[in-house]
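Undergrad: The structure that follows is given in the form of structure tokens.
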Amino acid sequence: MDNVISYIKTPLDNFSNYQKQIATEIKAIGGSGNIHGAIIDIDFYNHIYVNPIDLTVTAYWASDIINKVIFDDTPTLLKSNCPILYSNYLKQIENKSETAIILTNSTLIKAPQYYLDTDIYKASMEIKKMQKLSSNILSIWIEPDRKRLKDKKD
């Protein structure tokens, strides 16, 4: 069981630390910063999805799990949907705050796009199961790659 926990926990810790950095930045501008699965809440309708595979960040607005609008970057979403938080974000940038590192402006501005797939929630539910390890609950069993475990011991 220790091998399974280690196999899950090591990459999950790296992912969780990255999420916590983003959540800290969201909280610093007055947002929620609540983490659940692969999603970080900005407020009730606005969120950030952190892809667990490549750590790409997608800012989106959602009225439910199907109806979503994705934005080019987080500042664009803030400017459109959360003007007070966007103002706070600009103050962070102006003051060269260390908490404004991840929520940077993109040089390529695209129009928001509707996104009706629910794939982000599937990945998020799997991450949420793994995150129970922080409460000492093993709720998912992933058989470790025997070769990887052997190489790790050597």
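No value in this document is a laboratory result; all are computed from the given coordinates. All values reported here derive from a predicted model rather than from experimental measurement. Counting neighbours? That spans all protein chains shown, and the Cβs are built from the backbone with ideal geometry, glycine included.
Undergrad: So, of the residues in the stretch 51-85 that are touching a residue at least 40 places away in the same chain (Cβ under 8 Å) and of a type in the set (S, T, Y), which turns out to be nearest to P112 (Cα to Cα)?
TA: Selected residue: Y60.
Undergrad: Right, another one. Anything in the stretch 48-68 that is buried (at least 19 other Cβ atoms within 10 Å of the Cβ) and closer than 22 Å to I29 by Cα? List them, or say none.
TA: I48, Y49, V50, T58, A59, Y60, W61, A62
Undergrad: Within the stretch 35-42, identify whether any single residue is part of a loop (DSSP other than H, G, I, E, B), more than 17 Å from E126 (Cβ to Cβ) and touching a Gly at 6+ places or on another chain (Cβ under 6 Å), and answer yes or no.
TA: yes
Undergrad: Given the residues Y45, Y18, which is the only one that is surrounded by fewer than 21 Cβ atoms within 10 Å (Cβ to Cβ) and under 21 Å from Q113 (Cβ atoms)?
TA: Of Y45, Y18, the one residue that is surrounded by fewer than 21 Cβ atoms within 10 Å (Cβ to Cβ) and under 21 Å from Q113 (Cβ atoms) is Y45.
Undergrad: Another one. Working only within the stretch 26-42, note down all residues that are surrounded by fewer than 17 Cβ atoms within 10 Å (Cβ to Cβ) and either in contact (Cβ under 8 Å) with a residue 24 or more places away in the chain or touching an Asp or Glu at 6+ places or on another chain (Cβ under 6 Å) (or both).
TA: Selection gives G30, S32, N34, H36.
Undergrad: With A59, A23 as the choices, which residue is assigned to a strand (DSSP E or B) and among the small types (G, A, S)?
TA: Exactly one residue qualifies, and that residue is A59.
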